[in-house]
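Participant: I am attaching a structure below and will ask some questions about it afterwards.
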Amino acid sequence: MSMNFEEMLNSQDGAATHREQLPFGVFYKKLIGRKYRNVLELKPELADSMVFCEALKNEQRITSAMTNRQQLHYELHEDSGGVYELEIEQGSFQSFAQLIANTPSVVAKPGYIDSVIKSLLDVMELLHEQEIYHLCFAPQNIFVRKGDNSPVLLCHGSSFSKLNNLTVLFEDFKDFVAPEVFDEREMSPQSDIYSLGKFIEWLYQHGDMPFEYSKVVAKATRLDPSERYDSVSAMRSAITAKRNMRHSLMSVAAAVFVVVVCVALYFDMMPETSEVEFVEGVATEEPEDPFERGFDETTELGVWDVEPDDTLTPAERKKIEDYNNKAEEIFRKQFAKKADKILSKVYNKERMSESEKNFMASSSAMQGELEKAMSDLAGQAGLPEDKAGRIATEVLDQLTAQKQKELDKKNGTITTSPSEE
């Protein structure tokens, strides 16, 4: 018989699970009343400080009134010696550092880092409205909820500004704290902006930082507070502006690439020119009357894939037309082969018998695969997207009808197409 998570913890006879050093003490799970609770055991030097303990009680009163989901609440445990630990609200939490250590692939999940940074900016703005500053966005000082891995915060550094020495709070996490907090004991929105910038640096320590973050982080982590962003809102706006700029640059780069390719193909198909020696005395002919010549329905009423050019000979035009036809033929065959494999995943007896919800989910995934296959093969064949789309539609109509007939035969039914009726 398998045990659930709590039974498995209880089987350890009260032994503490993973212990992690945080700025304020050690975080771990502790058996309290036959259940494991998240607790923060304070550093002895902090627990022995009357100033710190009074500040902690005051912060506990303030944060208990905060309803924001990103603020963790806690209760204080005291004995004859004073406050010695914090019992954190019920839930499954772990530090961001532990999350990355256990599942490093989470940062590769599309949009996850952006959502984390956005959430931290949101909670920073709420805290700053009350002139509260977290001061240390070290990965060990940011918690996440297991499940959605959304960030949450516990204690905030500015609540303990009356301590004679703030180094005792952040001695092992100085890289994530603005220098003015130690040197001049000044705490401001710029102090949090600096710390968040350091946290973003840490997130990308093993990878390339995106354009929108690299420029913002460079300004956010300047040593002089006056050179950083004035507010969280300004930092957020800068990230958005840089991201929009990156998208615009990518669009421009893609457009330039297409133009360069088109120009290269144009000049590649242009006939080579050679110098011609003109000899005087050659009799000139009267210009041909276009109305007497009549018209050629294959050229004058047709639609060309390339812009007609008077320098192209009929043979060269024929060569281009043959090339386009061959490209269409190659695309049609390759797409038909690829589409048949994709459609076979959905158009089968087992899949069609599933619930409507599951079948719709499969169909949606199939549509995405077909669109990607069409785009990739059109690029390889050098076909315009509109022409590739028309060919793909024809192929899909044929394949879908074929798959449906095959299913009808297996089910013992007969389906007639409109042309057969």
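Participant: Within the stretch 1-57, how many residues turn out to be buried (at least 16 other Cβ atoms within 10 Å of the Cβ), part of a helix (DSSP H, G or I) and modelled with pLDDT of 85 or more?
Facilitator: 6
Participant: Which pairs do you get when a residue that is in a loop (DSSP other than H, G, I, E, B), found in the stretch 211-236, comes within reach of a residue that is at pLDDT below 95 and of a type in the set (Gly, Ala, Ser), reach meaning Cβ atoms under 7 angstrom, with the pair 6+ apart or on two chains?
Facilitator: Once the first residue is in a loop (DSSP other than H, G, I, E, B) and sits in the stretch 211-236, its partners that are at pLDDT below 95 and of a type in the set (Gly, Ala, Ser) give Tyr229/Ala238.
Participant: From the residues in the stretch 381-395 that are modelled with pLDDT of 85 or more and surrounded by 17 or more Cβ atoms within 10 Å (Cβ to Cβ), which one is farthest from Asn325 (Cα to Cα)?
Facilitator: Val395
Participant: Filter the stretch 178-212 for residues that are buried (at least 22 other Cβ atoms within 10 Å of the Cβ) and either among the polar types (S, T, N, Q) or more than 18 Å from Ala97 (Cβ to Cβ) (or both) and give the result.
Facilitator: Ala178, Val181, Pro189, Gln190, Ser191, Asp192, Ile193, Tyr194, Ser195
Participant: If you don't mind, there's one more thing I want to ask. Whether any residue in the stretch 326-334 is at pLDDT 80 or above, among the aromatic types (Phe, Trp, Tyr) and part of a helix (DSSP H, G or I) is what I want to check. Spell out how you get there, then give the answer.
Facilitator: Here is the first cut: in the stretch 326-334, the residues at pLDDT 80 or above are 326-334.
Right, trim to among the aromatic types (Phe, Trp, Tyr) and you get 331.
Narrowing the set further to residues that are part of a helix (DSSP H, G or I) leaves 331.
Scanning the stretch 326-334, I find at least one residue that is at pLDDT 80 or above, among the aromatic types (Phe, Trp, Tyr) and part of a helix (DSSP H, G or I), so the answer is yes.
Participant: Here are Ala218, Ala264: which of them is surrounded by fewer than 17 Cβ atoms within 10 Å (Cβ to Cβ) and modelled with pLDDT of 90 or more? Even if it seems obvious, please write down each step before you answer.
Facilitator: Values: Ala264 fails: modelled with pLDDT of 90 or more.
Every option except Ala218 fails the conditions.
Participant: Could you please give the count of residues in the stretch 177-198 that are over 15 Å from Leu166 (Cβ atoms) and part of a loop (DSSP other than H, G, I, E, B)?
Facilitator: The qualifying residues number 0.
Participant: I'm checking my understanding of the structure. Among residues of the stretch 138-177 that are out of contact with any Lys or Arg (no Cβ under 7 Å at 6 or more places or on another chain) and of a type in the set (Phe, Trp, Tyr), which one is surrounded by the most Cβ atoms within 10 Å (Cβ to Cβ)?
Facilitator: Going through the qualifying residues, I end up with Phe143.
The values are calculated or read from the model by the stated rules, or taken from the named source; none is laboratory data. Please read all numbers here as calculations on a predicted model, not as lab measurements. For neighbour counting, all protein chains shown are included, and Cβ atoms are generated from backbone atoms with ideal geometry for every residue, glycine included.
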